[in-house]
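The values are calculated or read from the model by the stated rules, or taken from the named source; none is laboratory data. Not measured: the values here are computed from a predicted model. Glycine gets a Cβ as well: all are built from the backbone with ideal geometry, and neighbour counts include every protein chain shown.
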Amino acid sequence: MKSADIAIVGAGPAGLAAAGEAVDHGLSVVLMDDNSQPGGQYFRQLPRQFSGGDRPELLFKALDHPRLHYLPDCVVWNAPDPGVLAYAAREDSGRIRADAIVIAAGATDRPLPFPGWTLPGVITAGGSQNMIKGQAVRPGERVVVAGNGPLLLVAAVTLLDAGATVRAVVEAAPFQRRAWSRLASLSWSPSLLAQALSWRLRLAATGVSFLTGQTLIEAHGATALEAVSIAPIDRHGGVDRASATTLDADCLVVGNGLAPAVELTRLAGCAHHHDPLLGGWTPRRSADLETTIPGLYAVGDGAAIGGVHLALAEGRAAVLAALLRRSPSAFLRRRRRGLTRRLDRLNRFRAALAEIFAPPETFLELITPGTPVCRCENVTLAELDACAADGATGMVQQKSTTRLSMGRCQGRFCLATLADLVAARRGIEVADLDWPRIRPPSRPVRLGDLLRETVPPPALPEDPHLPRTS
Ligand SMILES: Cc1cc2nc3c(=O)[nH]c(=O)nc-3n(C[C@H](O)[C@H](O)[C@H](O)COP(=O)(O)OP(=O)(O)OC[C@H]3O[C@@H](n4cnc5c(N)ncnc54)[C@H](O)[C@@H]3O)c2cc1C
């Protein structure tokens, strides 16, 4: 078994910031990420053939430090015991024991089903970002960006940078009206506010329509996307289908916010709570960002959706908390005070943003009986309703009856929707539902990599029918 002072899962902004802080203070670090390149979702920079920025060298410098062991292409697939992680990589697979563990696992897109959402040409906002920034692929030529949340603006600007024509950005929240009333809270982070305004101005300067209080209702096309229907949301939160309009497009980028990747914190046995403003299920954390398992910290989007700046600050703060526990010093305490002030400002900004973009609860209305809710196993709303009519009204029963969430995505794309459907039908809160139990591996892992781990043979009980050897 390997050992280190700190084991970090995720080499995105939060994980890299944690790693930098740890090596700067003399700790040994193992940093694992399932991608072949470090940087996570945010620091996939635009390739040179589009317009692009530089990666922040200071953040990546920790990777060259002799006290840091970086494992790319490495899936951390379980948290079997306190202080222990199980990992599987191309070079080496096994277990790591660490005094402190920082989980910086990031988030996943939260796709919502609507008629036509599985057509080729319909992709998520995060997927669009990854295609452009990670693979230099423009997802379409005439693109509609629709859904809810600040990632829509980011996705639209990245598409423009990549040379696509953005037909419209369709935001479900009455964003503009709410933004004015919360301007004071948004000024907790003037630089982020200025960035958001610059994106908005960029759309205006390029002639992109920014429609608020409207929702997409259907994606049309025979074998691939050809058009998108959108409709206003009325003042009671209902969809005004009579006023629907259709935009022709060969690509629809849909963003409906992100959900924290909580597989590992769940496997580790941390307590979680449900907060829609933080992205759904999130691990409970102390002011030190420690989960309910001592020595296990959760940071960045994997703990609560907050964006890159919060992820960077939380990564550093978690390591400082672990360091202060080992050797409290005035210098560390001063540094932590500074970071705490920054976290406080960023958290206020996050809260204001979450309120501004709080989505109207219209999306369940969009799912028709024939719409697949689980695309991996092709389970439609009609099948879920039939299952409920037979008495299987809980999430666990619906999962085991229909196979929803048992495909490759393991529920990352459909379980939250099932929870909303079940809660709405039973008239209870999502937080009060029993979720299906989680089992390892936390995400898909290559069998060959798993087999690289040398596992001692299990101690079997002695067979009374065999002749005694001693
Ligand atoms: C698909 C997608 C695209 C996004 N694109 C943008 C964007 O372009 N601009 C923007 O402002 N925001 C973007 N975001 C939001 C972005 O996630 C955050 O603002 C920021 O990157 C959060 O940093 P983080 O370190 O918390 O997580 P991330 O940057 O997501 O990093 C987490 C890392 O941990 C790895 N990981 C997770 N679980 C495991 C495991 N079990 N084993 C090994 N490795 C693991 C992930 O693969 C990832 O590399 C995107 C989000 C998503 C989901």
Among the listed residues ILE123, ILE132, ILE103, which satisfies the condition of being within 11 Å of the ligand (Cβ to nearest atom), in contact (Cβ under 8 Å) with a residue 12 or more places away in the chain and farther than 30 Å from LEU421 by Cβ? ILE132
With the checklist (1) touching a strand residue (DSSP E or B) at 6+ places or on another chain (Cβ under 6 Å); (2) free of Cβ contacts under 8 Å to residues at least 40 places away in the same chain in hand, flag the one item VAL422 doesn't pass. (1)
Which pairs have Cβ atoms under 9 Å, sit 6 or more apart or on different chains, and link a residue in the stretch 76-98 that is outside the structural domain of LEU31 (by TED's automatic domain parsing) and without any contact (Cβ under 8 Å) to a residue 24 or more places away in the chain to one that is away from the ligand (no atom under 14 Å from the Cβ) and among the aromatic types (Phe, Trp, Tyr)? none
Answer yes if at least one residue in the stretch 180-188 is buried (at least 21 other Cβ atoms within 10 Å of the Cβ) and touching a residue at least 40 places away in the same chain (Cβ under 8 Å), and no otherwise. no
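Inside the stretch 202-245, counting only strands (runs of 3 or more DSSP E) that do not spill past its ends, which hold 2 or more residues that are aliphatic (A, V, I, L, M)?
In the stretch 202-245, the matching strands (runs of 3 or more DSSP E) lie at 214-220, 227-232.
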Condition (residue is within 16 Å of the ligand (Cβ to nearest atom) and either free of Cβ contacts under 8 Å to residues at least 12 places away in the same chain or at positive phi (or both)) applied to the stretch 327-344: is it met by at least one residue? no
What number goes with the only condition from (1) within 14 Å of the ligand (Cβ to nearest atom); (2) at pLDDT 90 or above that ASP64 does not pass? (1)
Check ALA354, ALA311, ALA298, ALA304 and return the single one that is over 30 Å from PRO80 (Cα atoms) and in contact with a helix residue (DSSP H, G or I) (Cβ under 6 Å, 6 or more places away or on another chain). ALA354
Residue in the stretch 141-160 that is nearest to ARG443 (Cα to Cα), counting only those that are crowded, with 23+ Cβ neighbours inside 10 Å and away from the ligand (no atom under 15 Å from the Cβ): ALA146
When every residue in the stretch 106-120 that is of a type outside the set (Ser, Thr, Tyr) and within 14 Å of the ligand (Cβ to nearest atom) is compared, the one farthest from VAL373 (Cα to Cα) is GLY106
Report, ordered by the first and then the second residue, all pairs with beta carbons closer than 6 Å, sequence separation of six or more or different chains, a first member in the stretch 31-54 that is surrounded by fewer than 15 Cβ atoms within 10 Å (Cβ to Cβ) and assigned to a loop (DSSP other than H, G, I, E, B), and a second member that is acidic (Asp, Glu) and modelled with pLDDT of 85 or more. SER36/ASP73; SER51/ASP161
Pairs, please: C-beta under 6 Å, at least 6 apart or cross-chain, first residue over 15 Å from VAL102 (Cβ atoms) and in the stretch 282-293, second β-branched (Val, Ile, Thr) and at pLDDT 95 or above? ARG284/THR292
Considering the stretch 244-265, residues that are surrounded by fewer than 24 Cβ atoms within 10 Å (Cβ to Cβ) and acidic (Asp, Glu), and then whichever is farthest from the ligand (Cβ to nearest atom), we arrive at ASP248
For residues in the stretch 135-152 being at pLDDT below 95 and over 17 Å from the mean Cα position of the chain (by Cα), which is nearest to ALA259 (Cα to Cα)? GLN135
Does the stretch 381-411 hold any residues that are within 27 Å of the chain's Cα centre (by Cα), surrounded by 19 or more Cβ atoms within 10 Å (Cβ to Cβ) and within 19 Å of PRO115 (Cβ to Cβ), and which are they? LEU384, LEU404
Exactly one of (1) over 30 Å from ALA105 (Cα atoms); (2) in a strand (DSSP E or B); (3) among the small types (Gly, Ala, Ser) is unmet by ALA259. Its number? (1)
Just checking, does the stretch 334-346 include any residue being in contact with a helix residue (DSSP H, G or I) (Cβ under 6 Å, 6 or more places away or on another chain), under 17 Å from LEU258 (Cα atoms) and not assigned by TED's automatic domain parsing to the domain that holds ALA19? no
Criterion violated by TYR87 - all others in (1) buried (at least 21 other Cβ atoms within 10 Å of the Cβ); (2) near the ligand (Cβ under 9 Å from one of its atoms); (3) under 14 Å from GLY255 (Cβ atoms) satisfied: (3)
Of all residues in the stretch 297-323, which are of a type outside the set (Phe, Trp, Tyr), buried (at least 24 other Cβ atoms within 10 Å of the Cβ) and over 25 Å from SER191 (Cβ atoms)? ALA298, ALA322
